[in-house]
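This report concerns only the one structure given below.
Please treat every number below as a calculation from the coordinates, not as lab data. As the structure is a computational prediction, the values presented were derived from the model and not from experiment. Cβ coordinates were reconstructed from backbone atoms using ideal geometry, including for glycine residues, and neighbour counts include every protein chain displayed.
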């Protein structure tokens, strides 16, 4: 079997296992959509200064939260769990190369992230009457989405090495995820409501740029007035997410371990 | 060529020797058993042979290659039965065996392997729902599905009921009959005695004895204990060759209905061996 065939075989097994674990499906996968329904319903009728319905802004921003959950949390907890329950040890005893394992995980993350984005967009369109963006914006969506998934996945892999006990992985990984949603313009928008130093902190991490990018895709162009600096700053989005991809990859190469024990 | 050749193997953790200089040769087609108390270094040794752990010093050849450097071609020739895995809980037995089989160049048929380990009735059950012993049999299936030349079994029958254990022994004999070399670590001395062609006892990171089950630790040469009843008292004597004593007892007219002649069991020998190092 070629590495490619082994990778897709891993991907199938990963997806099958995920779907059969109902807790993961409900609490990880559908949670962002649930939050969107709540936030959109509570604040939805209000309009922002730019005249855009709040529910529409939430829909766009919440895709950043969705990707963070499906990529970062799924990768981070998945690896910690695979290390602990013997999955990695088992695979390492077979001729399967490590890359096939990681590509398999990446396939799971990709499928989940795409499905997550579709669910959130559907909620936006069906429940909150969000219009779909013009065709040109989908190109921007593609690269922002891919960079977001790759950056979050790589950081997830790197962080999984810090998790000592897989049972705690979900709880540990969700702390940075939720904290970043509050300071990155996902739960609280516009970000200009935050103290300046907190804006600076948020701008170091990817979520702010992911959310800003997705708002560019789904909101009218003049809604950029609500963003920090008053522009969509797509160059900044590409730059920061690109840097996180490189940093994440470097961290992975340094920290990746097959086993939770000392080698 | 030998299946395994080890000289001067050492593994140090935080300045403490977990393996303190082991020499070992396992011939092709042999069932070799490694015995020893918990913490003696047998799992560490086996994990080094499997390529799961790095060694601190020593020379190791497994199927002619250094397991620390060997690649996927080498991995396709060995099989590993894990001791405490808990993976693939949401997959069925057949899905898991078929999935792992796909990584090997010439695997056994998944259904044949499932039959061999006696899980045909559980073929489509999720692994999560299996009992502990059935779960271990899945591990055995995954270890042999790649048709390995060399199979590592680390305490494989923990949690098996006696019948499952006998069936498992038969399976190991079948595999050995087909020419598979088998390295078995176990706590059960009857298991080692029933299966192993040769065994070694590890204590405190060293091999303290090596031999066949019949000769380990000078077992064959050790004295026999003869005991009988004389004038209502139990008498016993230890002798190298009991013939003269028996002849004497027969002619002296002693009561021989309670006569026993015993040599140390493998367990006695083993306990002596590991006790000697404490």
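Which of rounded, prolate or oblate describes region A:76-117 when judged by the alpha-carbon gyration tensor and an a/c cut-off of 1.5? Note, shape of region A:76-117 comes out oblate.
Partner shielding of B:156-169 amounts to 0, given as the average count of beta-carbon atoms from other chains within 10 Å of each residue beta-carbon. Take each residue in A:11-19, count the other chain C-beta atoms within 10 Å of its C-beta, and the mean is 3.
Would you mind getting me the FRET efficiency between residue A:5 and residue B:65? Use the beta-carbon distance for r and R0 = 25 Å, nearest 0.05.
After rounding to 0.05, the efficiency reads 0.50.
Taking only the Cα atoms of region B:4-217, the ratio Rg/Rh comes out at 0.96, with Rh defined as the Kirkwood radius.
Rounded to the nearest 0.05, what FRET efficiency do residue B:23 and residue B:57 give with R0 = 22 Å and r taken as the Cβ-Cβ distance? Could you check?
According to the calculation, E is roughly 0.95.
Across region A:121-166, the convex hull enclosing all Cα atoms gives 87 Å³ per residue.
Placing dummy labels 7 Å off each Cα toward the beta-carbon, the span from residue A:201 to residue A:139 is 3.9 nm.
The C-alpha atoms of chain B define a longest principal axis, and helix B:132-144 lies at about 70 degrees to it. Report, in degrees rounded to the nearest 10, the 0 to 90 angle that the Cα long axis of helix B:243-252 makes with the longest principal axis of chain B. Taking Cα atoms only, the helix is inclined about 40 degrees. In terms of packing, defined here as the mean over residues of other Cβ atoms within 10 angstrom, the peptides A:217-223, B:125-131, B:201-207, A:196-202 line up highest first as B:201-207, A:217-223, B:125-131, A:196-202. Region A:165-184 and region A:1-74 have Cα centres separated by 15 Å. Largest first, the extents of the alpha carbon coordinates of the protein assembly as shown on the three principal axes equal 118, 49, 46 Å. Computed over region B:113-250, the range of Cα coordinates on each principal axis works out to 66, 34, 31 Å, biggest value leading. With N counted as the residues of region B:190-278, its alpha-carbon radius of gyration over 2.2 N^0.38 Å works out to 1.37.
Between residue A:98 and residue B:120, the C-beta separation translates, for a Förster distance of 41 Å, into a calculated FRET efficiency of about 0.80. Any chance you could give the angle, 0 to 90 degrees and rounded to 10, that helix A:74-85 forms with the longest Cα principal axis of chain A? The answer is roughly 20 degrees.
GNM remark for chain A: springs join alpha carbons under 10 Å apart, and the peak mean-square fluctuation among A:83, A:20, A:92 falls on A:20. Highest mobility in the GNM of chain A, judged by mean-square fluctuation with C-alpha springs under 10 Å and restricted to A:28, A:74, A:59, is found for A:28. Averaged over residues, the count of other Cβ atoms within 10 Å places the peptides A:142-154, A:7-19 in the sequence A:142-154, A:7-19, highest first.
For region B:78-95 versus region B:232-256, the inter-centroid distance based on Cα atoms is 56 Å.
Averaged over peptide B:79-91, the number of partner chain Cβ atoms lying within 10 Å of each residue's Cβ comes to 5.
Counting each DSSP H run of 4 or more residues in chain A as -39500 (n - 2.57), what helix-only mean residue ellipticity at 222 nm follows after dividing by all residues, to the nearest 500 deg cm²/dmol? Before the final figure, lay out each step's value.
On the way: 11 runs with 182 residues, N = 263.
Taken over chain A, the calculation gives -23000 deg cm²/dmol.
The Cα trace of chain A gives Rg and Dmax of 18.7, 60 Å, the first to one decimal, the second as a whole number. Projected over all directions and averaged, the alpha-carbon convex hull of region B:223-262 occupies 2.5 nm². Dimensions of region B:83-171 from C-alpha coordinates, computed as largest minus smallest value along each principal axis and given longest first, are 34, 29, 22 Å.
Within the listed set B:65, B:267, B:230, the residue fluctuating most in the Gaussian network model of chain B (springs between alpha-carbon atoms under 10 angstrom) is B:230. Peptides A:63-73, A:229-239, A:181-191 ranked from most to least packed, by the mean per-residue count of other Cβ atoms within 10 Å: A:63-73, A:181-191, A:229-239.
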